[in-house]
1. What is the gain in length, in nm to one decimal, between Phe139 and Arg8 on full extension, counting 0.36 nm per residue of separation less the C-alpha to C-alpha distance?
2. Round to the nearest 0.05 the FRET efficiency obtained for Asp33 and Arg89 when R0 = 25 Å and r is the Cβ-Cβ distance.
3. Over the chain, what is the mean sequence separation of C-alpha contacts under 8 Å (at least six apart), divided by residue count, expressed as relative contact order in percent?
4. Can you give the charge dipole size of the chain about its Cα centre, rounded to the nearest 20 debye, using +1 on the beta carbon of Lys and Arg and -1 on the beta carbon of Asp and Glu?
5. For n ≥ 4 DSSP H runs only, could you compute -39500 (n - 2.57) per run for the chain, divide by its residues and tell me the 222 nm figure to the nearest 500?
6. Once you have the Cα-Cα distance between Arg24 and Ile77, take 0.36 nm times their residue separation minus that, and quote the gain in nm to one decimal.
7. Rounded to a whole number, what % of the accessible area of the range 30-136 do carbon and sulfur atoms account for, probe 1.4 Å?
8. Subtracting the Cα-Cα distance from 0.36 nm times the residue separation, let me have the gained length for Glu126 to Arg56 in nm, one decimal.
Amino acid sequence: MNHALVVRPGDDRETIAGAGDEYRFLATGPETDGRYFLMEGIVPPGGGPPPHVQTREEEGFYILEGTVRFWVDGKVIDASRGTFLHVPRGMLHNFRNESNETARVLFIFAPSGIEEMFSKMGATPELYAEIANEYGVEFPKE
């Protein structure tokens, strides 16, 4: 097991674009011994992914700034600063910044591994759905 201390200065982060947002990696699987992946999302007005299901990870959201509307398992949740949401694996969800101000959100995925998906999507955004499928993320047909 890797029990190394990880200290990441603010200017030492992998940053990628995806679903209209900007994501900054804070802790990756290789650094957490595969236990979790933590990233910060900068979500502009209108930003957010389409409805999807993670089949491999639990996902948590913590709102740092702004307000983000979530749709989780048929419920609508307007989450503002200080709100935490836990979305179990297998649960349909998405979010969108419907305000006029940029939101900042912490995302935690457990276990790790999905950070590879975000890196690939940042490099080839036109293959978004195909890449997501490789990592067990499903987009339901409407």
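1. Details: separation 131, 0.36 × 131 = 47.16 nm, distance 3.30 nm.
Computed gain between Phe139 and Arg8 is 43.9 nm.
2. Working: r = 20 Å, r/R0 = 0.78.
E between Asp33 and Arg89, to the nearest 0.05, is 0.80.
3. Working: 325 pairs, mean separation 40.2, N = 142.
The normalised contact order for the chain reaches 28 percent.
4. Working: 13 positive and 23 negative charges, 64 e Å.
Charge dipole of the chain: 300 debye, to the nearest 20.
5. On the way: 3 runs with 20 residues, N = 142.
Result for the chain, helices only: -3500 deg cm²/dmol.
6. On the way: separation 53, 0.36 × 53 = 19.08 nm, distance 2.42 nm.
Extending this stretch completely gives an extra 16.7 nm.
7. Numbers: 2780 of 5200 Å².
Ligands and nucleic acids excluded, carbon and sulfur give 54 percent.
8. On the way: separation 70, 0.36 × 70 = 25.20 nm, distance 2.30 nm.
Here the answer is 22.9 nm.
The values are calculated or read from the model by the stated rules, or taken from the named source; none is laboratory data. These numbers come from a predicted model, not from an experiment. As a convention, Cβ positions derive from the backbone with ideal geometry for all residues, glycine included, and neighbour counts pool all protein chains shown. The area values use the complete protein model at the heavy-atom level, side chains included, leaving out ligands, DNA and RNA. Shrake-Rupley method; radii C 1.70, N 1.55, O 1.52, S 1.80 Å.
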